[in-house]
Structure formats: structure tokens, C-alpha cells
Amino acid sequence: MIVDIDISSYRNLDIKAHDDGVWVVTLNRPAKRNALDIETIEELVSFFSRAPRAGVRAVVLAGAGEHFCAGLDLIEHHDQDRSPADFMHVCLRWHEAFNKMEYGGVPVIAALQGAVVGGGLELASAAHIRVMDQTAYFALPEGQRGLFTGGGATIRVTDLVGKARMIDMMLTGRVYQGKEAVDLGLAQYIVEGSSFDTAMELARKTAQNLPLSNFAICSAVSHMQNMSAMDAAYAEAVVAGVVNTQPDARARLAAFADKSGARVRPNS
Ligand code: 1HE
């Protein structure tokens, strides 16, 4: 561990560390439907900047109350009557937070319920795995509010659903929910019960991987998407050179060789 995380210094995020290295980070302004004000964004920057160096093995990102996140704090935005330059800098802080999540190398599993809208969808799309319950729904209402996405939706949501659906969501405010949302890629899992419980299960499973493998999965894949195929293949070889020769992997390889290691089987 190279840095500490002082959980008592966070006000808008509720942060809990479990013994197995899984940390639960909860957006904690349910009365405001977890709308993202600038303080929450700064706390996300702070936590996700430290997590990779603080021994965090996996993060469950949740929202308190009935909704995951209502997006940009529209009241703060209205009250502050920001200049174009001011809001550009706000968006750059959002990007800082969400890039730290996506590229930080620590698995982030979002537990979704209720509204996952606007900037809330931008936040969720920076997670590596999204689990939704039956109440979760996804939308980009910016168009109706006289706004545009500023927290990376043009990149991440477009990656998930494709350009045509993204533009339709923005133009018409179309809402996706239920199995259709999973089929489109907005979430990877839909559950009958609590999305939080399933997110915790997945986080615990993920945390059993070697940290260096997870670091590669949760940073290299995203970086490689930004590269040419030639450069990505080169980078993949370099990353695999480091990860696949890590001393900690030898015991796992030995277990496979002596037949004590788990085999890959179809779901029963
Ligand atoms: C908020 C916000 C918010 C709720 N900013 N305060 N995002 C949106 O356009 C979504 C706007 N929110 C909604 O559509 C609804 O609030 C919800 C569907 C999320 C929830 O509905 P509901 O009936 O449970 O709650 P409510 O009565 O609408 O709101 C409860 C309180 O939360 C109320 O505050 P109160 O002090 O009057 O009690 C609301 O004002 C407050 N609240 N949502 C601020 N978003 C980097 S660019 C990103 C661009 C965007 O994200 S655009 C935002 C899109």
C-alpha cells in the first residue's frame, strides 16, 4: 500500500472497506437523487486517484436510495450561472474522475437501480461491469433540458450502444430498461433481486484475481481501444510480457499442472 484513503474526509460519498479488499463507494445524496455536484465529482477524483495505490482490490459503486444517479446537479448548474470556460473546466473534472475509474486498473462494478440518467449514465458507463435490477432505467435527457453531454457519454455510451442509438437517446429522450437494456449492452447483468448483492458477489470474485491481472484488464483494454490495431497488438504483447510472467502466477499455473486447479466448465 503506497497511499491511505481517509474515509472520514468524504462527505458526499459513503466509503466502506471490507477485509477481502472490496470497497463499497456509495453516492450519498439520496434526497437529491445522487445528482453530481462539483463536490461529489472532486470526491470521486480523490478516491479513484488513490484506489490503485491503496490496496483496493475491487470497488462496488452504488447509489443510496431508489435511484442510482440523476446526473449533473441541475440546481447547482442553474444557481452558478457558469461561463463556457467555467463549465468546460467542470467537465474536465468529470473526465478526470471517470478516466481514473476506467483506466485506473481497479475493477469497478456499478450496482444500478432506478434512474441512471444523463451524467448518471456517464458515470455508470465508466465502470467495468454494470449490474441492474428490475427498477433501473437509462436515458440521456440532456436534449430536453437544453444541454449536451459533458461527462464522456459521446465516447462511452456510444461504445456501449452504438452511434445511432446514442443519437436517438439524446434527440428523443428514449428510455431503455429491463432485458432490452442488457441486450443493448447498457448493463451486463440484470437481476430479480438486489443489484447491490450481485455486484458484491462479482466484486468478491474479481478480487480473487491477482491485482496485476486486474490492473491489465481494467486499464490496458481501454487504452488499447484508443490505439491502432498494430499499436494495440504491440502494447498487448508488452503487457502480457509483464503480467504473464508475474511470480505470483506461478502457484496458479502449478495448480493447473498438478490438476488441483479449477477447470473451466459450462454453467450447470
Ligand atoms: C436534482 C436532480 C438533478 C433530482 N440535479 N437536483 N438529468 C436529469 O434531467 C434528471 C433530472 N431528475 C429527474 O428526472 C428526477 O428527479 C428523477 C427521475 C431522477 C427522480 O424523480 P423523483 O420524482 O424521485 O424526484 P424529484 O421530486 O424529481 O426530485 C427530488 C429532489 O431531487 C428534488 O430536490 P428538492 O430539494 O426539491 O426535494 C430535485 O430537485 C432533486 N433532483 N434530480 C439537482 N439532476 C457533465 S454534463 C451532464 C449532463 C447531465 O447530466 S443533464 C442532467 C440530466
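The values are calculated or read from the model by the stated rules, or taken from the named source; none is laboratory data. The structure presented is a predicted model; accordingly, all values stated were derived computationally and were not measured. Because the Cβ atoms are built from the backbone with ideal geometry, glycine has one as well, and the counts that use them run over all protein chains shown. These accessible areas exclude ligands, DNA and RNA; they are computed on the full protein's heavy atoms, side chains included. Shrake-Rupley method; radii C 1.70, N 1.55, O 1.52, S 1.80 Å.
How large is the Kirkwood hydrodynamic radius of the chain, in angstrom, based on all distinct alpha carbon pairs? Hydrodynamic radius (Kirkwood, Cα pairs) of the chain is 19.4 Å.
Ignoring lysines fewer than eight residues from Lys205 along the same chain, the ones with Cα atoms less than 30 angstrom from its Cα are Lys16, Lys100, Lys179, Lys259. Comparing Met200, Met230, Met169 in a Gaussian network model of the chain where C-alpha atoms under 10 Å apart are linked, the largest mean-square fluctuation is found at Met230. Computed from point charges on the beta carbon alone (+1 for Lys and Arg, -1 for Asp and Glu), the dipole magnitude for the chain about its Cα centre is near 800 Debye. The tail of the calculated P(r) for segment 1-75 beyond 20 Å holds 28 percent of all Cα-Cα pairs.
When the Cα positions of Met170, Leu27, His128 are compared along the charge dipole of segment 7-207, His128 comes out farthest toward the positive end, with charges on each C-beta of Lys, Arg, Asp and Glu.
Size descriptors for segment 211-257 (Cα atoms only): Rg and Dmax, in that order, 12.3, 37 Å.
Summed over the residues of the chain and divided among them, the accessible surface reaches 53 Å² per residue at a probe radius of 1.4 Å.
By the scheme Lys and Arg +1, Asp and Glu -1, what is the net charge of all other residues having a beta-carbon under 12 Å from that of Phe256?
With Lys, Arg at +1 and Asp, Glu at -1, the net is +3.
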